[in-house]
Amino acid sequence: MRTYTKEERQNAIDRFISGESAADILADTGIPKSTFYNWVHIYQEEKKALNKRTVNIRNFHLLENKVVRLENIIEILKSANCTPKSPLKQKLYAAEQFYGEYSVHVICDAFDIPKGTFYNHVLRNKKDNTWYTKRKEELRHQIQEIYDESNQIFGAAKIAAVMRNQGVKVSNEMVRTLMRDMGLVSIRQNAKKLHDDESRKYKNYLNQEFDVSNPNEVWVSDVTYFKHGENAYYICAIIDLFSHMVVGYKVGKTNSTQLIKSTFRIAYKKRQPDSNLIFHTDRGGNYRSKTMNDYLRSLNITHSFSRAYVPYDNSVMESFFSSFKREELYRTKYRSEADFYKAVDNYIDFYNTKRPHKKLHYKTPQQKEEEYTLKNAELQDTH
């Protein structure tokens, strides 16, 4: 019986696959019918086996995700000071250090901790956890910077990706949670509907009309972030649009509703405005909070909001903080926290009493207010 080469066998199979009939191939090559069909059978079985081993796109991504998950678990365990067999209390405190860097599912799998147990531990301890609070504030600042640089376009996934590219270990889940707390919303396909809904709810009474005739007609407010050494600070300020005087300010270590409310109380006590006052802010979560708005309603104060994604609606505050940082914060190295707080006080006093403003025809805010008071007194004397 003749032995056929590998090339002869492959050539016959290729002709058959291309559509040529078996009868023509056999007549042309002289290959026995049984031998040829045996080759075809072997080829078909090999093809079936290959198809079983072939990974489709969906399976490939599933396998890829499993690999990434395992790599993350290995990274966690390499950095941790305990193992999955350590006591539960030790594992919980070790796992907490990775909260926000990796997903909760990965952290719990790494330490073999039930997710419910881990969440209870984090929620129970986070109020008193300085490390947790500090890390959240640092992440908030980074998120805000990336969000602003993208013109409010990026959502949680893109912001998290940019942060990871910058070397920050953070999960999409953590960024999404913090963005929700901060009131940051990305532009999406339903942006128009979202814009229309929010415009009805958060009305803009100011509409970039920054020229007012009297003190205490319109106050504008915002919060900025500044990092000194290892500490992060939030500065809330309120400006009277009439004179551009800073009528209230406060420094805090967290960007909270309490910081804004305390700042407003300082300004309100100092100025004693009537109920015609408009208080204009952006749509940050703390300004939109129920606590803040219930407080303003109790004083009959009208709350006006900037439009979403339009920073120019609060350009006076943007300009103030830009000057503050350029003229003071970025130019000075503070020796201590007390030194920093004193510098804030000194700059606000300088801004109000010594710094001429082009918008005020190069008068200071204090001069503008004194001029108004004198003019009103003269009018009353004539009557």
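Of all the residues in the stretch 355-383, those that are of a type outside the set (Val, Ile, Thr), surrounded by 11 or more Cβ atoms within 10 Å (Cβ to Cβ) and not in a helix (DSSP H, G or I) number 4. Modelled with pLDDT of 70 or more and crowded, with 19+ Cβ neighbours inside 10 Å: does that describe Ile153? Spelling it out, it is not the case that Ile153 is modelled with pLDDT of 70 or more and crowded, with 19+ Cβ neighbours inside 10 Å.
The listed residues are Ile146, Ile113, and the only one of them that is among the aliphatic types (A, V, I, L, M), at pLDDT 75 or above and outside any helix (DSSP H, G or I) turns out to be Ile113.
This table checks each residue for (1) without any contact (Cβ under 8 Å) to a residue 60 or more places away in the chain; (2) aliphatic (A, V, I, L, M).
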| site | (1), (2) |
| --- | --- |
| Phe321 | no, no |
| Tyr330 | yes, no |
| Lys333 | yes, no |
| Ala343 | yes, yes |
| Asp349 | yes, no |
| Lys354 | yes, no |
| Gln380 | yes, no |
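Only strands (runs of 3 or more DSSP E) whose full extent lies in the stretch 233-348 are considered here, and the ones with at least 1 residues that are among the polar types (S, T, N, Q) and modelled with pLDDT of 90 or more are 278-281, 302-305.
Would you check if Val344 is out of contact with any Cys (no Cβ under 9 Å at 6 or more places or on another chain) and within 19 Å of Asn204 (Cα to Cα)? The answer is no for Val344.
Considering only the stretch 277-319, state which residues are surrounded by 15 or more Cβ atoms within 10 Å (Cβ to Cβ) and aromatic (Phe, Trp, Tyr). Phe279, Tyr287, Tyr295, Phe305, Tyr309 - these are the residues of the stretch 277-319 that are surrounded by 15 or more Cβ atoms within 10 Å (Cβ to Cβ) and aromatic (Phe, Trp, Tyr).
Any residue that is touching a Pro at 6+ places or on another chain (Cβ under 6 Å) and either among the small types (Gly, Ala, Ser) or without any contact (Cβ under 8 Å) to a residue 12 or more places away in the chain (or both) - is there at least one of those in the stretch 356-371? Yes, some residue in the stretch 356-371 is touching a Pro at 6+ places or on another chain (Cβ under 6 Å) and either among the small types (Gly, Ala, Ser) or without any contact (Cβ under 8 Å) to a residue 12 or more places away in the chain (or both).
For beta carbons closer than 8 Å, sequence separation of 6+ or different chains, a first residue in the stretch 276-296 that is in the same structural domain as Thr177 (by TED's automatic domain parsing) and a second that is surrounded by fewer than 17 Cβ atoms within 10 Å (Cβ to Cβ) and among the β-branched types (Val, Ile, Thr), there are no qualifying pairs. Scanning the stretch 323-336 for residues being closer than 15 Å to Tyr225 by Cα and either surrounded by 15 or more Cβ atoms within 10 Å (Cβ to Cβ) or among the charged types (D, E, K, R) (or both) gives a total of 5.
The values are calculated or read from the model by the stated rules, or taken from the named source; none is laboratory data. Here the structure is a predicted model, which is why all the values come from computation and not from measurement. All Cβ positions, even for glycine, are placed from backbone atoms using ideal geometry, and neighbour counts span all protein chains on display.
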